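Please treat every number below as a calculation from the coordinates, not as lab data. Here the structure is a predicted model, which is why all the values come from computation and not from measurement. Here Cβ is always computed from backbone atoms with ideal geometry, including for glycine, and neighbour counts include all displayed protein chains.
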Amino acid sequence: MSTLKVDQIEGSTGTTVTIPSGTTIVNSGTATNFAHTKAWATVTYSGGTPTNEDGLNIASIADTAAGECTLTFTTAFGDGEDYCITTGTLNTSASQEQITIYTKAAGNFKTYNYNSGGAGGIDPEAFYISCSGDLA
C-alpha cells in the first residue's frame, strides 16, 4: 500500500481545499460515505466519573446516572439524523457483560450501558466513539 501526503487539494475548477492536520479521508463508497471523522472520544471512568482522555469536537461529558453518559459536541451536526456513530465499551469484569445503546441529537450523544444479566445500568471502564457526518 502506498501513502500519499498532501496539505492541499486543487480541483479542476481551480478551487482548493486545505486538509487539516490529522484528517482521515474515507474512501467513497464505504458504509458511511462521509469525508472524514467529525467527532471522536476515548472516555474512561474512575469512581463513576467519566473523563475524556482524548478526542475531537467534544465540548463536555456529563455522567447523568449509572450507565448513562452524555457527550456534547463543540460544533453540532446538521441534525440528529446527519451522522453515524460507532461505539465500543470496555469492561473486564465477566459478571458485567454490557449491552450499549445510544440516542443522538444534533448537539450531543448519550450512551446507555446495561448489564446483560438484567442488573440495570452500569458504568463501563471505558468507551470509545467515532462520529462521521455533516456538521451544522
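Taking a Cβ cut-off of under 11 Å around CYS69, the surrounding Lys, Arg, Asp and Glu residues balance to a net charge of -2, with basic ones at +1 and acidic ones at -1. Projected label points at ALA136 and THR86, each 7 Å from Cα along the beta carbon direction, are separated by 2.7 nanometres.
Summarising the amide proton neighbourhood of GLY67: residues at separation of 5 or more, or on other chains, whose placed amide H is nearer than 5 Å comprise ILE122, ASP123.
For ILE58, the residues whose modelled amide H falls within less than 5 Å of its own, excluding neighbours fewer than 5 places apart on the same chain, are THR74.
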